[in-house]
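Read the structure below first, then the notes.
The values are calculated or read from the model by the stated rules, or taken from the named source; none is laboratory data. What you see is a predicted model, and the numbers here were worked out from it, not measured in a lab. Note that each Cβ is placed from the backbone with ideal geometry, even for glycine, and that neighbours are counted across all protein chains shown.
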Amino acid sequence: MSQEYSTSDIAKYVIQYSFDDAEPVTNFALQMILYFMQYSSLVLLKEPLNSRMEFEAWEHGPRVKEVYSHYRINGGCLIMPDTDDSPKDGWYQEMKTHFHRLNTYISKWLKFNPWKLVDISLEK
């Protein structure tokens, strides 16, 4: 992958991607998708998605505290993409191309109930 995006940019990408895939995410689901993206990057690409993305073990699965804190205001509601940062600005297509090997997996994970993803994460 070589280029490394910030944790907040990756979260923003997942939110936009999920919205475009007609499967918007909650903060809980976002956390699980980030975890599986990092895991898959390590397995498939032999490098972390983001070397500074730190997961904490929480009662209900792994969390990236800074992302969780940023989106906790949404509670259990769906997170809508930031309207001030339009995907038409080019960042989204750039990241979509960059993550092309993970996008198929992201689409599959978005179909799962987040609790099922927690169960899978605990098997690792």
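Observations on the model:
- The lone criterion from (1) among the small types (Gly, Ala, Ser); (2) touching a His at 6+ places or on another chain (Cβ under 8 Å); (3) over 17 Å from Phe99 (Cβ atoms) left unmet by Ser8 is number (3).
- Residue list for the stretch 54-73, filter: within 16 Å of Ser8 (Cβ to Cβ) and surrounded by fewer than 16 Cβ atoms within 10 Å (Cβ to Cβ): Glu54, Lys65, Glu66, Ser69, Arg72, Ile73
- When the criteria are applied in full, Ser8 fails the requirement of being closer than 18 Å to Met95 by Cβ, surrounded by fewer than 16 Cβ atoms within 10 Å (Cβ to Cβ), out of contact with any Pro (no Cβ under 8 Å at 6 or more places or on another chain) and at pLDDT below 90.
- Positions within the stretch 97-120 being surrounded by 12 or more Cβ atoms within 10 Å (Cβ to Cβ) and outside any helix (DSSP H, G or I), in sequence order: Phe99, Phe112
- Subset of the stretch 15-74 that is touching a residue at least 24 places away in the same chain (Cβ under 8 Å), aliphatic (A, V, I, L, M) and assigned to a loop (DSSP other than H, G, I, E, B) - its residue that is nearest to Trp109 (Cα to Cα): Val25
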